[in-house]
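Chemist: Dumping the structure here so I can ask a few things about it.
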Amino acid sequence: MEHQEDQWRLKYHLMPETGWLNDPNGAVQFNGKYHIYYQYVPEDPNGGATHWGHQTSTDLVHFHQEPIFMSPDQPFDIDGVYSGGSIVEDGVIHYFYTGNVKKPGDYDYIYNGREQNVVHVTSRDGYTVDKREVVIPHAEFPDGYTDHIRDPKIIEDNGNFYMVLGARRCDNRGSILLYVSENLEDWDFKGELIVAEDDEGYMWECPDLLFIDGQAILIYSPQGILPTEYKYQNTHVAGYRFGDVDFEAATFTPTGEFYELDYGFDFYAPHTFEDEAGRRIQLAWMGLGDTMPEYTNPTINRGWQHALTIPRELTIEAGKLYQRPFHEYEGLRQEGVQTNVNDQFTVENINDIYEAVVELPEQESFEIRFGEDSQLVFEDKKLALSHGPSGYGRRKRIIEVDAVSNIQLFVDTSAVEIYINDGEYVMSSRYYPSENADLRLELYGKAQVTYYPLIPSKDYKGAN
Ligand code: FRU
């Protein structure tokens, strides 16, 4: 199907022309320009050996598709240029990624048969690769781990560079390894920063160690956490912990519990970076692996699958991590229509892309119906997102929350991001209204609603 006819193509979320996308990688602002890379398989919407796709932006709203940055064409990454991060040093961007290699043969590729090499890449402009070399070959990883050790992310502290790597130990506990370097070339193993307790997952992917207002935060994507009644509902989850980090002793001592970063159906592998204005920005894959047989994305039949979330600015408020949509997205708003709702309200002539800002006075219950058959219901101190058939198997996700004071709803053809209480909670979901669906936005309860139809970002004439 031609993309022009495809009503599910997103109009303001970052996505490639064709094929498969997963994790964001190597995000950086360099000489004013944002460079966003991502796991990418151009020829297969079901995934495969990943490349690093590349898009640039001057405002993180309007993205330009760039040629592929790296392909799996080296002996040390022939089965995938896997995920990693970047750091700028002396006018050069240094990227680190995992070169994935699967040896031919009868292997399980967990305990044997796989190599995951840490590769160092340099670029003076973000477009061309100057150097691409293995700095930690798989064989040099410490003992006690399966073949799954990957996703390097770099942080500088006190004149040293530190690398965190996600790992699966032989006893099937997730963990995060810490390496140190003075020059970004020679890396020494420092120790294991943190290890999963019994029920905290067998593999921790995509670790990201960062500071906000001096507070150390560890973000990671654990696999194998069992669902409780309302938490950890997705096959794989992604979240964070506050803690104290001691780089010398290689320890991260949690000072709080593990909180999920998103309570919807489609969110994984969050990746943060600090931009030139000092904002901490998070991008994430608006999707995740292994959702079948529960739910799926019908766009596979149209030759593509997945997108990134809207970039979110991270802040710490009242001892919690808050996520707000990058405020430049306000530039996509067309004229807003504000309504005070007492009981029931329907927005007429609903657009396929819009933002709705809903201010909610204290009340026992309310309901927002949107899309073809989707709804957000608050009652008994629970907020539930659910879809009918347009969810392609996505049924219900629930947050336990005492009060909901506001909701910011971003709808983009087949994606929805719901920011709750100024970003205290977020729910992200894909859903696929049928072609001639009667799209709606209805509110039942007391509220002040401001509805903004949005301009597709490809037509955005703002900062670019
Ligand atoms: C997370 C992940 C990473 C890996 C990449 C491969 O989604 O599995 O651990 O580097 O995807 O595409």
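We did not get these values from a lab; they are worked out from the coordinates using the rules stated. Computed from a predicted structure; not experimentally measured. Glycine also receives a Cβ, built like all others from the backbone with ideal geometry; neighbour counts cover every protein chain displayed.
Chemist: Shape call for the stretch 322-379 from the C-alpha gyration tensor, a ≥ b ≥ c root eigenvalues: rounded (a/c under 1.5), prolate (a/b greater than b/c) or oblate?
Modeler: Values: a/c = 1.62, a/b = 1.33, b/c = 1.22.
Note, shape of the stretch 322-379 comes out prolate.
Chemist: Calculate one ³J(HN,Hα) per residue across the stretch 18-24 by plugging θ = phi - 60° into the Karplus curve 6.51 cos²θ - 1.76 cosθ + 1.60, and present them in order as whole Hz with x for glycine and proline.
Modeler: 9, x, 10, 10, 10, 4, x
Chemist: Give the relative contact order (percent, whole number) for the chain; include only Cα pairs under 8 Å separated by 6+ residues.
Modeler: 14 percent
Chemist: Please list the non-local residues whose amide H lies under 5 Å from the amide H of Tyr40, H modeled 1.01 Å from N, same-chain partners needing a gap of 5 or more.
Modeler: So Tyr40 has HN proximity to Asn22, His51, Gly53.
Chemist: Scan the stretch 364-439 for GluC sites (Glu not before Pro) in coil per DSSP, keeping those whose Cβ has at most 10 other Cβ atoms within 10 Å, and list them by number.
Modeler: On the way: sites: Glu364, Glu367, Glu372, Glu379, Glu400, Glu417, Glu424, Glu435; in loops: Glu364, Glu372, Glu424, Glu435.
Here the sparse-neighbourhood loop sites are Glu364, Glu435.
Chemist: Show me, for the stretch 303-308, the HN-Hα J-couplings you get by feeding each phi into the Karplus relation (A = 6.51, B = -1.76, C = 1.60, θ = phi - 60°), rounded to Hz, glycine and proline as x.
Modeler: Rounded to whole hertz, the list is x, 8, 7, 5, 7, 9.
Chemist: Given an 8 Å cut-off on Cα distances and at least 6 residues of separation, report the relative contact order of the stretch 90-247 as a percent.
Modeler: Rounded, it is 14 percent for the stretch 90-247.
Chemist: Between the stretch 114-190 and the stretch 261-307, what is the separation of their alpha carbon centroids in Å?
Modeler: The two parts, judged by their Cα centres, are 23 Å apart.
Chemist: Here's something else I'd like to know. State the Cα centre-to-centre distance between the stretch 199-248 and the stretch 407-433 in whole Å.
Modeler: Going from one Cα centre to the other spans 22 Å.
Chemist: Among the aspartates and glutamates, which fall within straight-line cross-link reach of Lys131, defined as a Cα-Cα distance under 13 Å, with same-chain neighbours fewer than 8 residues apart omitted?
Modeler: Counting by Cα, and skipping residues close in sequence, Lys131 has these aspartates and glutamates nearby: Glu185.
Chemist: Select from Gln334, Gly371, Pro389 the residue farthest towards the positive end of the dipole of the stretch 320-426; place +1 on Cβ of Lys and Arg, -1 on Cβ of Asp and Glu, and compute about the Cα centre.
Modeler: Final value for the positive-end residue is Pro389.
Chemist: Another question, if that's okay. Can you tell me how the stretch 292-339 classifies by the Cα gyration tensor, rounded, prolate or oblate, using a/c under 1.5 as the rounded cut? Walk me through the numbers before you get to the answer.
Modeler: On the way: a/c = 2.54, a/b = 1.44, b/c = 1.76.
Note, shape of the stretch 292-339 comes out oblate.
Chemist: Ok, one more. If I take every Cα pair under 8 Å that is 6 or more residues apart in the stretch 160-214, average their sequence separation and divide by the length, what percent do I get for the relative contact order? Don't skip to the answer; put the middle values down first.
Modeler: Numbers: 106 pairs, mean separation 20.7, N = 55.
Relative contact order of the stretch 160-214: 38 percent.
Chemist: Along the charge dipole of the chain, pointing to its positive end and built from +1/-1 on Cβ of Lys, Arg, Asp and Glu, which listed residue (Gly166, Gly303, Tyr425) has its Cα farthest out?
Modeler: Ranked along the dipole, the leading option is Gly303.
Chemist: Another question about this same structure. Taking a ≥ b ≥ c as the square roots of the eigenvalues of the Cα gyration tensor of the chain, is the shape rounded (a/c under 1.5), prolate (a/b larger than b/c) or oblate? Please list the in-between numbers first.
Modeler: Working: a/c = 1.67, a/b = 1.52, b/c = 1.10.
The shape class here is prolate.
Chemist: For the stretch 360-390 and the stretch 1-65, compute the distance between their C-alpha centroids and round to whole Å.
Modeler: 31 Å
Chemist: Using packing as a proxy for protection, rank 320-326, 343-349, 153-159 so that the peptide with the highest average count of other Cβ atoms within 10 Å comes first.
Modeler: Most protected by this proxy first, the peptides run 320-326, 153-159, 343-349.
Chemist: Residue farthest toward the positive end of the dipole of the stretch 3-70, with Cβ of Lys/Arg at +1 and Asp/Glu at -1: which of Tyr38, Ser57, Met15?
Modeler: Ser57
Chemist: Let me ask something additional. How large is ³J(HN,Hα), in whole Hz, for each residue of the stretch 367-379 in order, when computed from phi with the Karplus curve 6.51 cos²θ - 1.76 cosθ + 1.60 and θ = phi - 60°, using x for Gly and Pro?
Modeler: Per-residue couplings from phi come out as 8, 10, 9, 8, x, 8, 8, 9, 8, 10, 10, 10, 6 Hz.
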